[in-house]
Amino acid sequence: MKRLSLGSGGRMLATVVILLLLATAVLVNVTGCSSQSSAQVQKQGVIELKLAHFFPGSHPAEKELVQPWAQAVEEATNGQVKVISYPQETLLKADGIYDGVVNGIADIGLSCFSYTRGRFPALEAFELPGVTYNNSQVASKVAWEGIKQLNPQEVQDTKLMMVLTTGSGDLFTKVPVQTLADLNGLELRATGLSAKTLKVLGASPVAMPQSDAYESLSKGVVKGNLSPIEVLQGWKQAEVTQYITKTPFLYNTLFFMTMNLDKWHSLSPEIQRAIEQVNEEYFAKVAMGLWDKQNEAALRYAVDEHGMELLTLPKEEADCWISLVEPIQEEYVANMEEKGIPGRQILDTVKDLAVKYNQLYK
């Protein structure tokens, strides 16, 4: 039998075909490996940040601030950063959140500075009585700008993302209060600095958590409460009180959102800039007025649905109350100066900014 001969042209053609087949196989293999590698890099490249706070999952702090902010961070970083929220103390207790962030138990934390009274001496100035805040927009703007100006040492161990406040608190009582005489000896639920403030004004503060206030009010154990108006709806206290006395100079609570410093420094400059832009946007768009929205809704609920009566102090009476609580401010300044902290400068900064922003946010 004769052998079949391809000749030189045929052999060349066969060689080309074989080389093409080999090249195709190699290309498919390389492309597959490359796609797999890219997917792995993308998956491994996602930075997950744990955010701890104490608010319930249904609270506006979670639904209107934390979740939308987290989504905005993820979008701004092209999916490189994903924030996972742990509400209602599921990761850290409220009074342990700041230190938990410092120690890396949580990457980010949201809580109150006042839960660890004495830990943040300079920042206590933003909660002092006698400083009038028209609303939470004013109080939040004053605090955030003031902290940036003062740059206190006590918050240098984390990356402070933003602060926000409840704004002023008011008196909710079972009897009308419009004078110091009305306040004298009146049992009112209050804690910490608020209790000290009410005592100076002649009231009888009774310490208890907000969760116990409804029952105590309903049973007459206390005759009122000093808190942001939102508790009238959120904690149903409009059902057990009859009067609201506006006191925009007695109360303010300062919250923080802050990040572990090592975790912050581990992020690329591009990611840091993206997060800071989101922080600025959400402070101005959401955080500043978060409590105003709650307070306004609660006020309508209390007055329209429960018939609560809204009272205001005559100017002379309000001025008298402010003058009586001013020694608390002076005590603060003296205590700060003893610690080598410029208390007078801090207090003056707070007061000047309050005047400025009360004119802008009315």
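The values are calculated or read from the model by the stated rules, or taken from the named source; none is laboratory data. Since the structure is predicted, the reported quantities are computational estimates derived from the model, not experimental observations. As a convention, Cβ positions derive from the backbone with ideal geometry for all residues, glycine included, and neighbour counts pool all protein chains shown.
Test residue 264 against the criterion of being of a type outside the set (A, V, I, L, M), modelled with pLDDT of 95 or more and surrounded by 16 or more Cβ atoms within 10 Å (Cβ to Cβ), and give yes or no. Considered against the rule, which asks whether it is of a type outside the set (A, V, I, L, M), modelled with pLDDT of 95 or more and surrounded by 16 or more Cβ atoms within 10 Å (Cβ to Cβ), residue 264 comes out as yes. A count restricted to region 43-59 and to residues that are more than 14 Å from the chain's Cα centre (by Cα), buried (at least 18 other Cβ atoms within 10 Å of the Cβ) and either within 20 Å of residue 284 (Cα to Cα) or not basic (Lys, Arg) (or both) stands at 1. What pairs come up if the first residue lies in region 74-86 and is touching a residue at least 12 places away in the same chain (Cβ under 8 Å), the second is among the small types (Gly, Ala, Ser) and not in a helix (DSSP H, G or I), and their beta carbons are under 6 Å apart, counting only those six or more places apart or on different chains? From residues that are touching a residue at least 12 places away in the same chain (Cβ under 8 Å), the pairs are 86/52.
Has region 113-122 got at least one residue that is at negative phi, in contact with a strand residue (DSSP E or B) (Cβ under 6 Å, 6 or more places away or on another chain) and free of Cβ contacts under 8 Å to residues at least 60 places away in the same chain?
Narrowing region 113-122 to residues at negative phi: 113-117, 119-122.
From the residues that got through so far, the ones that are in contact with a strand residue (DSSP E or B) (Cβ under 6 Å, 6 or more places away or on another chain) too are 113.
If we keep only those that are free of Cβ contacts under 8 Å to residues at least 60 places away in the same chain as well, we get none.
Checked region 113-122: no residue is at negative phi, in contact with a strand residue (DSSP E or B) (Cβ under 6 Å, 6 or more places away or on another chain) and free of Cβ contacts under 8 Å to residues at least 60 places away in the same chain.
Note on region 235-267: residues that are in a helix (DSSP H, G or I) and not assigned by TED's automatic domain parsing to the domain that holds residue 128 amount to 3. Entry remark, region 116-135: residues being assigned to a loop (DSSP other than H, G, I, E, B) and either touching a Lys or Arg at 6+ places or on another chain (Cβ under 9 Å) or surrounded by fewer than 22 Cβ atoms within 10 Å (Cβ to Cβ) (or both) number 11 in total. Scanning region 107-118 finds one or more residues that are more than 26 Å from residue 194 (Cα to Cα) and either modelled with pLDDT of 95 or more or outside the structural domain of residue 227 (by TED's automatic domain parsing) (or both). Restricting to region 60-89, and then to whatever is surrounded by fewer than 20 Cβ atoms within 10 Å (Cβ to Cβ) and part of a strand (DSSP E or B), can you tell me which residue is farthest from the chain's Cα centre (by Cα)? Ranking the candidates gives 82 first.
Within region 201-234, can you find the residues that are surrounded by fewer than 17 Cβ atoms within 10 Å (Cβ to Cβ) and in a helix (DSSP H, G or I)?
In the first step, residues of region 201-234 are kept if they are surrounded by fewer than 17 Cβ atoms within 10 Å (Cβ to Cβ); the result is 202, 204, 207-212, 215, 218-221.
Of everything in region 201-234, those that are surrounded by fewer than 17 Cβ atoms within 10 Å (Cβ to Cβ) and in a helix (DSSP H, G or I) turn out to be 210, 211, 212, 215, 218, 219.
Cβ-Cβ distances below 9 Å connect the following pairs, each with a first residue in region 213-228 that is free of Cβ contacts under 8 Å to residues at least 40 places away in the same chain and assigned by TED's automatic domain parsing to the domain that holds residue 185, a second residue that is of a type in the set (Val, Ile, Thr) and surrounded by fewer than 17 Cβ atoms within 10 Å (Cβ to Cβ), and a separation of six or more residues or different chains: 215/221.
For residue 201, are the conditions met, namely being aliphatic (A, V, I, L, M), touching a residue at least 60 places away in the same chain (Cβ under 8 Å) and out of contact with any helix residue (DSSP H, G or I) (no Cβ under 6 Å at 6 or more places or on another chain)? Spell out the reasoning first.
Working: aliphatic (A, V, I, L, M): yes; touching a residue at least 60 places away in the same chain (Cβ under 8 Å): yes; out of contact with any helix residue (DSSP H, G or I) (no Cβ under 6 Å at 6 or more places or on another chain): no.
Criteria not met by residue 201.
Report whether or not residue 48 is more than 30 Å from residue 231 (Cβ to Cβ), modelled with pLDDT of 50 or more and outside any helix (DSSP H, G or I). Taking the combined requirement at face value, the residue satisfies it.
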